[in-house]
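The values are calculated or read from the model by the stated rules, or taken from the named source; none is laboratory data. Nothing here was measured: the structure is a model prediction, and the numbers come from that model. Cβ: placed from backbone, ideal geometry, glycine included. Neighbour counts: every protein chain shown. Areas reflect the complete protein model, heavy atoms only, side chains present, ligands, DNA and RNA absent. Shrake-Rupley method; radii C 1.70, N 1.55, O 1.52, S 1.80 Å.
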Amino acid sequence: MPGMTLVDITYELQSPLNQEQLASLGSFANTYGLRKFRVGDDKKHLSFDYDASGLLETELAHVLRHARISVTRKVN
């Protein structure tokens, strides 16, 4: 896809997500065109696939803070 910079980023979560946090992420994905997000089977990791030419990592971090999702570190 020309003009797109696809990025896959994973964060380690401080605690498992609750339903409210998942709903907030779903709303964000619909609004900003996030390609997809997924919670790891271990419930300790949250991954995002997005187009970095349209969404900055700093904006993603802002959404996580707004949804009150605490991460311990960026894994990749």
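Between Asp8 and Leu22, the simple label model (points 7 Å from Cα in the Cβ direction) yields a spacing of 2.2 nm.
From helices alone, the chain scores -10000 deg cm²/dmol at 222 nm; the rule is -39500 (n - 2.57) for each run of n ≥ 4 DSSP H residues, then divide by the residue total.
Counted over the chain with a bin width of 5 Å, the fraction of Cα pairs per bin, in whole percents, is 3, 16, 29, 28, 15, 6, 2, 0. Using only the alpha-carbon atoms, how far is helix 19-32 inclined from the longest principal axis of the chain? Give it as 0 to 90 degrees, nearest 10. With rounding to tens, the tilt is 10 degrees. Using Cβ point charges alone (K and R +1, D and E -1), the dipole size of the chain about the Cα centre works out to roughly 160 debye.
Could you work out what % of the accessible surface of the chain is carbon and sulfur, using a 1.4 angstrom probe and leaving DNA, RNA and ligands out of the count? After summing per-atom areas, the C and S share lands at 50 percent.
With protein chains left intact and a 1.4 Å probe, residues in the chain average 67 Å² of accessible area per residue. Relative to the dominant Cα principal axis of the chain, helix 57-66 is inclined by about 30°. Summing charges over all other residues whose Cβ lies under 13 Å from the Cβ of Leu34, with Lys and Arg as +1 and Asp and Glu as -1, gives -2.
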